[in-house]
1. Could you tell me the relative contact order of segment 165-263? Use alpha-carbon pairs under 8 Å, at least six residues apart, and round to a whole percent.
2. Just to be sure I understand the model, the point goes 7 Å from the Cα along the line to the Cβ. What's the resulting Thr190 to Ser235 distance in nm?
3. Work through the residues other than Glu255 whose Cβ is under 13 Å from its Cβ and net out their charges, Lys, Arg +1 and Asp, Glu -1.
4. From the alpha carbon gyration tensor of segment 104-186, can you work out the equivalent ellipsoid semi-axes (sqrt of 5 times each eigenvalue) and give them in Å, largest to smallest?
5. On average over all directions, what projected area in square nanometres does segment 3-86 have, based on the convex hull of its Cα atoms?
6. Using the Cα centre as the reference, give the magnitude of the dipole from point charges on the C-beta atoms of the chain (Lys, Arg: +1; Asp, Glu: -1; all else neutral), rounded to the nearest 20 debye.
7. What lysines sit close enough to Lys218 to cross-link, taking a C-alpha to C-alpha distance under 16 Å and skipping anything fewer than 8 places away on the same chain?
8. So I have (i) 14.5; (ii) 19.8; (iii) 24.0, and one of them is mean projected area of the Cα convex hull in nm² calculated from this model. Which one is it?
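Here, each number is a calculation from the coordinates, and none is a lab measurement. None of these values were measured; they are calculated from a predicted model. Quick reminder, even Gly has a Cβ in these numbers, built from the backbone with ideal geometry, and neighbours come from all protein chains shown.
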Amino acid sequence: MELRHLRYFVSIAEAGSFSAAASQLHISQPPLTRQIQQLEDILQVTLFERLPRGITLTQAGETLLTEARNILSLLEQAVHRTQESDKGQLGKLEVGIFGSAIYGVIPSIIREFRSTHPNVEVVLHNMERNAQLKALRERRLTVGFNRFFGGEHGLKCEKVHSENMNIAIYGQHKLSGRVSVKLKDIDQETMVLYPRTARPSFIDHLQHLFQKSHIQAKLIHEVDDVTTAIALVSSGMGITVVTESACNLRLPNVEYIPLEIADISAFDLDIIYRENDTSPLLQEFLETVRKYRDHLKNNQN
């Protein structure tokens, strides 16, 4: 049995006659009749009762009509899904995320991608940088979002966004109410720094800035992530430095104040992916990231 047998059979059943089906299929009636005879021989059943005023389906024909429609529908779906996959409109996107970035740009990018690619399954994995790089090399991730990517063979990165930094302070701190602060304003403060793993990290970046500006901490608490750091600030245990995206994390008694740009360097968020990955799905996601990046730039200008 071949697919053409099923297509011809369904066309005849729906048209109600061989002649009408032949006209719709743009073939002559004798070849169409022979195809149905072949199908009946293959199945060893009679599919149509030939009546003086036309044809009607037998019980076996009724059964085959249901099954044939299902088969042809599945075939049509397979064709459609294959074409969608080739266009990057179908599949699974494995995305590595981390820390403070989940409070800012990344959710907006994911939301935009999902709105234009509803049939793509997006799976998020919270992983520190080294784990992301390992997962990318092992093809367990499609892309990773992270900072401080110094380059690695086989992997590429593109800058997504640059963020300024803020300090997070307890609401009754002496700096409360300031429009902005300088690095020198946090000299001799108790600092909460993060994360403890995957060096070089944000800790190293801040300590370099402190050293450059001759800033010393009275005491340093090192914690695993930005959420824990801000929770300690909320408890009055010190102050911390965060990116703009982390300012979306709201906890009681926490106030965010921008650091003056002259005192700090840009803090970049990158998207990392395999250099040899030419999949349409990756290209579609990168296109979404680039459009979003351009949108942010235009709003800043």
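1. 49
2. 1.1
3. On the way: positive: Lys174, Arg178, Arg250; negative: none.
Once positives and negatives cancel, what remains is +3.
4. Working: eigenvalues 233, 71, 27 Å².
Computed over segment 104-186, the values are 34, 19, 12 Å.
5. Details: hull surface 24.1 nm².
Quarter of the Cα hull surface area: 6.0 nm².
6. Working: 33 positive and 36 negative charges, 51 e Å.
Charge dipole, the chain, about its Cα centre: 240 debye, nearest 20.
7. Lys218 reaches Lys174, Lys184.
8. Evaluating mean projected area of the Cα convex hull in nm² on these atoms matches (iii).
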